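The values are calculated or read from the model by the stated rules, or taken from the named source; none is laboratory data. What you see is a predicted model; the values in this text were computed from it and never measured. With ideal geometry, Cβ positions are generated from the backbone for all residues, glycine too; neighbour counts draw on all protein chains shown. Side chains included, ligands, DNA and RNA excluded: accessible areas come from the protein's heavy atoms. Shrake-Rupley method; radii C 1.70, N 1.55, O 1.52, S 1.80 Å.
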Amino acid sequence: MIDNLDACRVIERNRNDAIVVTTMGAGNPRFGWPIVSRDETMDVPVGGAMGKASSFALGLALAQPGRNVLILDGDGSLVMNLGTLTTISERAPANLYHFVFDNGCYAVTGGQPIPADGKVSFKEMASGAGYSATYEFDNLEDLASGIGEILQKQGPVLVNLKITPEIENTPIGQRPRPTRNTYAAVQELRQALSE
Amino acid sequence: MEQAETVLHPHAILSELRKNDVTHVVWLPDSETNFMYEQLMADPTLELVPVSREGETMAIAAGLWVGGKKPVALIQNTGIFESGDSIRGLGLDVDQPLVMLIGYRGWDRHGIVRDSAAKFTEHIIHAWGINYYLVETDDDADRISLAMNEAQRDSKPVAVLVGTEFGA
């Protein structure tokens, strides 16, 4: 299994000038992407949209074909919006890289298992939907050595990461708040891309 | 006396989209708008983004808009019911100037509206505080420009209800 923050560090080291869209655990301000990102303007946290962060990333990838777009998705988010796999495959943006932080549960609501945890394979689902390439990693070393080559592949690519769950049981009001919300991030990125 | 045009043709809609420099149509086909498909595919100025489920449309459109494009959504009212959280989170909450062309299933100007899809549509749109226009014939098509201008001016989603099936 891979630590959530370690996975973010490896992805950040390889992002170059990519836009990074995050949701749920991957974007957690205590153990996720905001801690490691060195280019906040190119980050968009998309929380509370019932799994639509990958759909937002698809739109960005189609609008900005000269720039890679990385989506750091959750497994619970992906099962809420499974049709995204065929929608992404249909337009097949070459610059879209879909990382799934697969911890098997809804960590932000206390760790309840997602449907079909232990049975579902997002790698196989994406492959069956028609993604250009699919991968799965359950240890950090293999991810670190493979990611450079993966980000050279033609998208859409799905990379399923087996992540150690970071269960949150504290009341929502007592959890650290994100430093940037979706509104601010969207406005800043839109401005930056127009310059 | 000359008869008023009482049919809505796809070219009337497409002409409005071109006039407003729309770049992408994010859509899921329905019985009100399905006849647009061939003309959408044939139009080199418009890119079609088909979705698997309507709730994706607002999120994809948000990404396109942030990336500098000018999309519209084209779905049925039944899909609007399914799309509620996307309209909230990635339409209203981020000030997306998105025009949503909505097939108005069940709407009938001349009789009793029996289809619950039509009965609830305007109530739901009112609940979100989204303004809307009704398009039933070619003569109404310029209301799409009104909607486009309003969405851009106020940085908010605006709806256009397509209240009839297209003529050939």
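About the Cα centre, and with charges only on the beta carbon of Lys, Arg (+1) and Asp, Glu (-1), how big is the dipole of the protein assembly as shown? Nearest 20 debye, please.
740 debye
Using a Gaussian network model of chain A whose springs link C-alpha atoms within less than 10 Å, name the residue from A:V120, A:V157, A:V100 with the highest mean-square fluctuation. Maximum fluctuation in the GNM of chain A, among the listed residues, is at A:V120. The helix-only estimate of mean residue ellipticity at 222 nm for chain B, built from DSSP H runs of length n ≥ 4 each weighted as -39500 (n - 2.57), is -10500 deg cm²/dmol after division by the residue total. When the charge dipole of the range B:74-168 is built from unit charges on Cβ atoms (+1 for Lys and Arg, -1 for Asp and Glu) and taken about the Cα centre, the candidate among B:L146, B:G129, B:L98 whose Cα reaches farthest toward its positive end is B:G129.
Length available on full extension from A:M80 to A:D117: 0.36 nm per residue minus the Cα-Cα distance, which gives 12.0 nm. The mean count of C-beta atoms from other chains within 10 Å of the C-beta of residues in A:174-185, rounded to a whole number, is 1.
Once B binds A, the 1.4 Å probe can no longer reach about 2000 Å² of accessible area, counting both sides. Of the solvent-accessible surface of the range B:85-168, computed with a 1.4 Å probe over protein heavy atoms with every protein chain present, carbon and sulfur atoms account for 47 percent. Within the P(r) computed for the range B:10-162, what percentage of the Cα pairs occupies the region above 20 Å? Of all Cα-Cα distances in the range B:10-162, 42 percent exceed 20 Å. Taking all protein chains together and rolling a 1.4 Å probe, A:V79 ends up with roughly 40 Å² accessible. Pop out the carbon and sulfur fraction of the accessible area of the range A:47-162 as a percent, whole number, probe 1.4 Å. Roughly 48 percent of what the probe reaches on the range A:47-162 is carbon or sulfur.
When the other protein chains are added to the chain by itself, burial of at least 30 square angstrom of heavy-atom accessible area (probe 1.4 Å, ligands and nucleic acids ignored) affects these residues of the range B:35-52: B:E47, B:V49, B:P50, B:S52. If you count Lys pairs in the protein assembly as shown whose Cα atoms are under 18 Å apart, skipping same-chain pairs closer than 8 places in sequence, the total is 7.
Taking a probe of 1.4 Å, how large is the accessible area per residue of the protein assembly as shown, in Å²?
In whole numbers, the protein assembly as shown has 43 Å² accessible per residue.
Of the trypsin sites (Lys or Arg not before Pro) found in the range B:84-168, the ones in coil according to DSSP and having at most 13 other Cβ atoms within 10 Å of their Cβ are B:R109, B:R114. The Cα atoms of chain A cover 41, 37, 31 Å along the three principal axes, with the biggest extent listed first.
Remark: mean inter-chain Cβ contacts per residue of A:42-49 equal 3, using a 10 Å Cβ-Cβ cutoff to other protein chain atoms. If the elastic network links every pair of Cα atoms under 10 Å, which of B:L17, B:L146, B:L134 fluctuates the most in the Gaussian network model of chain B? Evaluated over chain B, the most mobile residue of the options is B:L146.
The mean number of partner chain beta-carbon atoms within 10 angstrom of a residue's beta-carbon across peptide A:81-87 is 5.
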